Structures are given as C-alpha cells and as structure tokens.
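Heads up, the thing below is written out as structure tokens.
Values in this text are rule-based calculations from the coordinates and carry no lab data. If you're wondering where the values come from, they're calculated on a predicted model, not measured in any experiment. Cβ atoms come from the backbone with ideal geometry, glycine included; neighbour counts cover every protein chain shown.
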Amino acid sequence: MYKLVRAGEKTYYMNGPYNIGFYKLSENEVCLIDSGVNDHTVQKIDEILVSTGWIPKIIINTHFHADHAGGNRYFKKKYGTKILATKTGVNLLDDYKLGPMMIFGANAPKEMYNKYTMAPDCPAELLDENSIPEGLEVINLPGHAIEMIGIKTDDDVYFLADALVSEITLNIHQITFLFDVRKYLDSLDYIKTLKGKLFVPAHAPAEKDITKLAELNRQSVLKNIKLIVDICEEPKTTDEVIEAVFIHYDLKNGFYQYVVNGAIIKSYLSSLWDDGRLEVIEVGKKICWKKVHFDK
Ligand SMILES: [Zn+2]
C-alpha cells in the first residue's frame, strides 16, 4: 500500500486505494496521472517524490472527480506543477461547487460537500495534442464521468481511471458510480480490445489481463439494468425506484448515500428511457417510470 511499483522503463504507479501514475519525462521530472484525494494520499505521493528526487512537472487529471484531483493545488503550490485536463475538467476543476451541484441537481446542501466531492479549486489547462507530454497517449473512456480519459504510456501500460472497479467493490456496493450507462458499457467493450503490458485501474489492483474484470463490471451494469426495468413493471416514481434498489441490495441509508446512489439510478433511468426500455407516464400528479413490453 502506497508503494512505488515499476511498471515499465519510464512508467511507475503508487499502489493503494488510489493508484497514481508516475511517468518519467526526464531524469528528474515526472508526469503524474491523477493526484489522489485531499487527505494523507497527497502526502504519500509527495513522500515518493521527495525520496526519488522527482519533480512533478505535469499532472494529467483523467476526470474532474475530487478523489482524482485532490492534490492538484498542493503540487501546483509546492512545485509549480502544470495541471492538464479535458475541456469539462478545465471548467469544473476551477470551481468545485459545480460537482456537488451536478450530483444533487440543484444548489447543493452542505451535506454534499466533502473531500470526495470537493477538491481544493485549482485552475487547469487544456490537455490536447500540443500539451500532452511525448510518450503518452489519451484514450477516451467516457461513461463514469463526462469526458473521462485513460492514459497509455509508451511502455504499453494503460491507466484506466474509473472505467472499472474491483470485484470486491462490485460485491460490496452493487451499484457503482456512472454518469452515462451506454457510454460506460461501450468503454468497457473498448477496454476488452486493448492490447497492453499492464492495466492500472484507479481503484483496483493492476492486471496483465483486464478482460475478466471488464466483463465482471459489464455484467454488474446489465444486472442493474434488469433490476431497474423489473422494478418498473408497475409505474414507479423516481423515489420509489431508488427505494426499491436500496431495499433489494440492502444499501446503507443516509442523505448523502441517497443522493449519490440516487444520481446513479437516475443515470440508469434516463438511459433506459432513451433506449426505449422504459417509458414515462403520468399517474395523477406523479411522473412515473414504466417498463415497456415489446410483445404488445
Ligand atoms: Zn471518478
């Protein structure tokens, strides 16, 4: 845990609950792939930098979630690190209130602000073909977040961010964070086609063969799709669908969990409506989701 692991000639990662990529740009400069959550993780990254003598010249954020960008401000302040992110990342990293608001769908109450939803604001620059360091390549992995990316290094090591989670996480949480179900599934299918030496998800152990874990994640999403469609056999309001999923998986209750899992479930509902598997009907003053029967 929190150890530096060598994955290739120039590619390393710090293992732990947040796998952080280190790519050597020169003898004493590195590019970090993500900067962890804003707690002791940042200190662990810095301990590695101090012990190796490496300077973090650049941080590439795979997406704007606060557990991937929590160290941006610290490293920028200490080392003058340049922060690179996609267009959405550039917009959100500079004003973190937008993240909790996006999850809540309105001005978010204070319960929504914590180290997992808020990183210290820190301006980022656009990651594009001109700014990406030589030896690194962007791979698009949307679905978990808008515009999430992975990074491939020229050591054939892939950093896959949150495109998939570990089997343990799947078993514990059952329903894991995603923003766009269709794109999430497409990204998993794409990951299964990648050929590489090592695959490093952000929150799962590195794997030489990622296809099994990608398939487990895919099966988990398909299971949730079936569950939600079945819940809507009879018309259900959004709250009733969320309640039924919580009961089915015996999920931990509480306001924050309700909002975050509710956001995930709403992502499923919107995708299932777009795909024609659910329809929206009015029952009195209620807006309800209802399963579409294709045999009619
Ligand atoms: Zn994430």
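Of all DSSP beta bridges located in the stretch 4-222, what percent are antiparallel, nearest 5? Write down the numbers at each step before the final one.
Numbers: 19 of 33 bridges.
Taking every DSSP beta bridge within the stretch 4-222, about 60 percent pair in antiparallel fashion.
Roughly how many debye, to the nearest 20, is the charge dipole of the stretch 228-291 about its Cα centre, given +1 on each Lys and Arg Cβ, -1 on each Asp and Glu Cβ, and no other charges? List each step's numbers first, then the result.
Numbers: 8 positive and 11 negative charges, 31 e Å.
Its charge dipole is roughly 160 debye.
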**Message:** Quick check on the exposure proxy: order 63, 203 from fewest to most C-beta atoms within 10 angstrom.
**Reply:** 203, 63
**Fill in**
Magnitude of the Cβ-charge dipole (Lys and Arg +1, Asp and Glu -1) of the stretch 1-153 about the Cα centre, nearest 20 debye, reported as 340 debye
**Item:** 5 angstrom amide H check on residue 84, placed H, neighbours 5+ away
**Value:** 59, 60, 61, 125
**Request:** Using a/c under 1.5 as the rounded threshold, could you call the stretch 4-222 rounded, prolate or oblate? The axes a ≥ b ≥ c are square roots of the C-alpha gyration tensor eigenvalues, and prolate needs a/b larger than b/c, oblate otherwise.
**Result:** oblate
**Request:** Could you size up the charge dipole of the chain around its Cα centre, putting +1 on the beta carbon of Lys and Arg and -1 on that of Asp and Glu, and report it in debye to the nearest 20?
**Result:** 340 debye
**Item:** Anchor residue 97: aspartates and glutamates whose Cα lies under 14 Å away (excluding residues fewer than 8 positions away in-chain)
**Value:** 111, 121
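Please order 73, 6, 182 by the number of other Cβ within 10 Å, starting at the fewest.
Going from least to most buried by this count: 6, 182, 73.
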**Request:** Report, by chain and number, residues whose modeled amide H sits under 5 Å from the one on residue 5, excluding near sequence neighbours (fewer than 5 apart, same chain).
**Result:** 13, 14, 15
**Item:** Interchain or long-range residues, amide H under 5 Å from residue 139's placed H
**Value:** 150, 151, 152
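Under the classification rounded if a/c is under 1.5, otherwise prolate if a/b is larger than b/c and oblate if not, where does the stretch 68-187 fall, given a ≥ b ≥ c as square roots of the Cα gyration tensor eigenvalues?
oblate
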**Unit charges at the beta carbon, dipole of the stretch 99-256: most positive-side option, 187, 164, 246** = 246
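Using the number of other C-beta atoms within 10 angstrom as an exposure proxy, rank 164, 98, 32 with the fewest first.
On the way: 164 30, 98 15, 32 27.
With the sparsest Cβ surroundings first, the list reads 98, 32, 164.
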**Prompt:** Rounded to the nearest 500 deg cm²/dmol, what is the calculated helix-only ellipticity per residue at 222 nm for the chain, with -39500 (n - 2.57) per DSSP H run of length n ≥ 4?
**Reply:** -11500 deg cm²/dmol
**Request:** Run the quick spin-label model on residue 52 and residue 29: label points 7 Å from Cα toward the beta carbon, then report their separation in nm to one decimal.
**Result:** 1.6 nm
**Prompt:** Once Lys and Arg get +1 and Asp and Glu get -1 on their Cβ, which of 65, 143, 40 lies farthest toward the positive end of the dipole of the chain?
**Reply:** 40
**Prompt:** Karplus couplings for the stretch 16-30 from phi (6.51 cos²θ - 1.76 cosθ + 1.60, θ = phi - 60°), rounded to Hz, Gly and Pro as x?
**Reply:** x, x, 10, 6, 10, x, 10, 10, 6, 8, 7, 4, 10, 10, 10
**Cross-link partners of residue 77 among lysines (Cα-Cα below 18 Å; sequence separation of 8 or more within a chain)** = 44, 57
**Fill in**
Whole-Hz Karplus couplings 3J(HN,Hα) for the stretch 196-203, θ = phi - 60° and coefficients 6.51, -1.76, 1.60, Gly and Pro as x, run x, 7, 8, 10, 10, x, 6, 10
**Request:** Go through 237, 289, 75 and say which Cα lies farthest out towards the positive end of the charge dipole of the chain; charges sit on Cβ, +1 for Lys and Arg, -1 for Asp and Glu.
**Result:** 75
**Complete:** So for the stretch 129-179, using the alpha carbon gyration tensor with a ≥ b ≥ c as root eigenvalues (a/c under 1.5 gives rounded; past that, a/b versus b/c decides prolate or oblate), I'd call it oblate
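Output the DSSP H helices from the chain with an along-axis C-alpha extent of no less than 24 Å and a mean Kyte-Doolittle hydropathy no less than 0.0.
Numbers: long enough: 211-231 (30 Å, 0.18); 255-274 (28 Å, 0.38).
Passing helices, by number: 211-231, 255-274.
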